[in-house]
Amino acid sequence: MANRRDALTAAARLILDVEAIGRAHAPGVLTVGHADTFPNSRNVVPGQVSLQIDMRHPSEAGLDAMEAALRQA
C-alpha cells in the first residue's frame, strides 16, 4: 500500500474540492458528472482518471473565480 499512487484516490479528493468550490461560489454550480478510470479493472490500481466537470455562474467574474479556485485545487 505504501508504494501505491492511486489516481482514483486523487480524483476523489478533487471531486470533494469541486463540491466545496461550487458551494463557496453560490449561485454558481460546479459538478463532476462523469469519471472514467484507466485501466478499469477491479484488481488493478488506477493509473489515470478522466473527469468531466460542469461549471456555471451567472457572472463572468464568478466563473473566473471558480476557475481559479479549481486550478488551485
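Looking only at residues in segment 4-32 that are among the small types (Gly, Ala, Ser) and assigned to a helix (DSSP H, G or I), the one that is farthest from the chain's Cα centre (by Cα) is ALA24.
Within segment 49-62, is even one residue in a helix (DSSP H, G or I), modelled with pLDDT of 95 or more and exposed (fewer than 11 other Cβ atoms within 10 Å of the Cβ)?
Taking segment 49-62 as the starting set, the residues that turn out to be in a helix (DSSP H, G or I) are 60-62.
Retained after the next criterion (residues that are modelled with pLDDT of 95 or more): 60-62.
Right, trim to exposed (fewer than 11 other Cβ atoms within 10 Å of the Cβ) and you get 60-61.
Scanning segment 49-62, I find at least one residue that is in a helix (DSSP H, G or I), modelled with pLDDT of 95 or more and exposed (fewer than 11 other Cβ atoms within 10 Å of the Cβ), so the answer is yes.
Every residue in segment 38-66 that is of a type in the set (D, E, K, R) and within 12 Å of the chain's Cα centre (by Cα), please. Don't jump to the end; show me each part of the working.
From segment 38-66, those of a type in the set (D, E, K, R) are 42, 54, 56, 60, 64; that's our starting set.
Across segment 38-66, the qualifying residue is only ASP54.
Evaluate the following for MET66: is it assigned to a strand (DSSP E or B), free of Cβ contacts under 8 Å to residues at least 60 places away in the same chain and surrounded by 12 or more Cβ atoms within 10 Å (Cβ to Cβ)? Spelling it out, it is not the case that MET66 is assigned to a strand (DSSP E or B), free of Cβ contacts under 8 Å to residues at least 60 places away in the same chain and surrounded by 12 or more Cβ atoms within 10 Å (Cβ to Cβ). For segment 41-73, filtering for residues that are among the basic types (Lys, Arg) and under 12 Å from HIS25 (Cα atoms) leaves 1. Pairs are defined by a Cβ separation below 6 Å, a sequence spacing of at least 6 or placement on different chains, a first member in segment 40-57 that is in contact (Cβ under 8 Å) with a residue 40 or more places away in the chain, and a second member that is assigned to a loop (DSSP other than H, G, I, E, B); the pairs so defined are VAL45/ARG4; VAL45/ASP6. Criterion first (outside any strand (DSSP E or B), surrounded by 12 or more Cβ atoms within 10 Å (Cβ to Cβ) and under 15 Å from the mean Cα position of the chain (by Cα)) does ALA35 satisfy it? The answer is no for ALA35.
The values are calculated or read from the model by the stated rules, or taken from the named source; none is laboratory data. Remember, predicted model here, so these are calculated numbers, not experimental data. All Cβ positions, even for glycine, are placed from backbone atoms using ideal geometry, and neighbour counts span all protein chains on display.
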